[in-house]
Amino acid sequence: HKDGYAVFALWKRKWSTYGTTDPNIKAFMMDTMLPYWAQCTQCQKWRQMSKDSNISPDFLKKYVCGMSTSGITKSSQTNACDSPEDYRVEYTKDYNWITQLIAPPYLKNSPAFPFLSSYFPDCVGMSATDMEVFSQSKAPDMPAYLSPFVTSDQSEPARCFQPGAMDELEQAEFPEFSKIPTLYLAIRNICVTLWNLNPKKWLSHERCGPFIICRGMTRIWCINSLSNVLWHLTRRGLINFGLLSLPKEIDFMPKDVLPQV
């Protein structure tokens, strides 16, 4: 009969309505109670936001130390960047850090949501409590050959992804996601969605990062892993192909050619 239980009961009802996984206390804490983390666009340090903050891609694209979620920056912005980074951030750089989580994290406000209406959100790494927000959303009109994901009522066309499963190459490339595959799926599905929404522009870490949103320090680990996911998809010719202007930091060295005999 405590106030906190009423909050949990409301969340549990929503999760049970739209999700398939167990709506337990651990999942509740991961989905609603942990604070968000944002990376300063100037000093690159990670900062913990208040527990009740709600962050968006637009906010993350411009965030600097000392900025509130309303976009207001304190006058002592330079001094804010001089503050040391939380010592716990260093732990997330460990390859095996993700295996210590007691509950799988789910991404919030994923741009892939409108394309995956035929799937249970938590089965593809998205928060089931977002369903009420996205239930009325409609996927942008796109040519059939650019459809990024296989729907439940069609056979698998070329260059379409199974949003709810890692293929063999992905499993071999990313063993760190073996215990929490839905986290990889959520990140990969965002990358694929953003690429298909604008296939004429190189899909970079900077473009994807602000859309990777989840509570807790898991977001830091995900952002650190994002480059590997992007490179894997690029190497397989699944994104960043066609007539594109390459970013300056991409340098493809010419390969040696065997002389003609």
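Mind telling me which of the residues 89, 64 ends up being within 13 Å of residue 216 (Cα to Cα) and β-branched (Val, Ile, Thr)? Break it down stepwise before answering.
Details: 64 fails: within 13 Å of residue 216 (Cα to Cα).
Residue meeting the stated conditions: 89.
Please determine, by comparing only the residues of segment 200-225 that are of a type in the set (D, E, K, R) and within 25 Å of residue 27 (Cβ to Cβ), which one is farthest from the chain's Cα centre (by Cα). Give the steps one after another, and end with the answer.
We begin by selecting, within segment 200-225, every residue of a type in the set (D, E, K, R); these are 200-201, 206-207, 215, 219.
So of that shortlist, the ones also within 25 Å of residue 27 (Cβ to Cβ) come out as 215, 219.
Values: 215: 11, 219: 8 Å.
Across segment 200-225, the extreme among qualifying residues is 215.
Considering each of 190, 213, 239 in turn, give the residue that is at pLDDT 90 or above, in a helix (DSSP H, G or I) and open to solvent by less than 40 Å² (accessible area, probe 1.4 Å).
Checking each option against the conditions leaves just 190.
Give the residue that is nearest to residue 90 (Cα to Cα), with candidates limited to residues of segment 25-47 that are touching a residue at least 40 places away in the same chain (Cβ under 8 Å) and open to solvent by 30 Å² or more (accessible area, probe 1.4 Å). Quick ask: steps written out before the conclusion?
Of all residues in segment 25-47, those touching a residue at least 40 places away in the same chain (Cβ under 8 Å) come to 26-27, 29-37, 39-40, 45-46.
If we keep only those that are open to solvent by 30 Å² or more (accessible area, probe 1.4 Å) too, we end up with 26, 29, 32-34, 39, 45.
On the way: 26: 24, 29: 23, 32: 24, 33: 22, 34: 18, 39: 14, 45: 11 Å.
Here the residue is 45.
Kindly establish whether residue 73 is farther than 18 Å from residue 130 by Cβ, of a type in the set (Ser, Thr, Tyr) and open to solvent by 20 Å² or more (accessible area, probe 1.4 Å).
On the way: farther than 18 Å from residue 130 by Cβ: yes; of a type in the set (Ser, Thr, Tyr): yes; open to solvent by 20 Å² or more (accessible area, probe 1.4 Å): yes.
Yes, satisfied.
Consider residue 223 carefully, then state whether it is at pLDDT 95 or above, farther than 20 Å from residue 123 by Cα and either hydroxyl-bearing (Ser, Thr, Tyr) or in a helix (DSSP H, G or I) (or both).
Yes: the conditions hold for residue 223.
Just wondering, is there one or more residues in segment 121-141 that are at pLDDT 85 or above, farther than 21 Å from residue 162 by Cβ and assigned to a loop (DSSP other than H, G, I, E, B)?
No, the conditions are met nowhere in segment 121-141.
Looking at segment 50-61 only, could you name the residues that are open to solvent by 20 Å² or more (accessible area, probe 1.4 Å) and without any contact (Cβ under 8 Å) to a residue 40 or more places away in the chain?
We begin by selecting, within segment 50-61, every residue open to solvent by 20 Å² or more (accessible area, probe 1.4 Å); these are 50-52, 54, 56-58, 61.
Those that are open to solvent by 20 Å² or more (accessible area, probe 1.4 Å) and without any contact (Cβ under 8 Å) to a residue 40 or more places away in the chain: 50, 51, 52, 54.
Considering only residues of segment 7-23 that are without any contact (Cβ under 8 Å) to a residue 40 or more places away in the chain and not in a helix (DSSP H, G or I), which is surrounded by the fewest Cβ atoms within 10 Å (Cβ to Cβ)? First the steps, then the outcome.
Looking only at segment 7-23, we keep the residues that are without any contact (Cβ under 8 Å) to a residue 40 or more places away in the chain, and these are 7-10, 12-13, 16, 22-23.
Pick out the ones that are also not in a helix (DSSP H, G or I) and you get 22-23.
Numbers: 22: 12, 23: 22.
Step by step, filter segment 7-23, then rank; the result is 22.
Quick one: which of 64, 89 is open to solvent by less than 70 Å² (accessible area, probe 1.4 Å) and not in a helix (DSSP H, G or I)?
Details: 89 fails: not in a helix (DSSP H, G or I).
Going through 64, 89 in turn, the sole match is 64.
The values are calculated or read from the model by the stated rules, or taken from the named source; none is laboratory data. Model, not experiment: these values are computed from the prediction. Note that each Cβ is placed from the backbone with ideal geometry, even for glycine, and that neighbours are counted across all protein chains shown. What goes into the accessible areas is simple: the full protein's heavy atoms, side chains included, and nothing from ligands, DNA or RNA. Shrake-Rupley method; radii C 1.70, N 1.55, O 1.52, S 1.80 Å.
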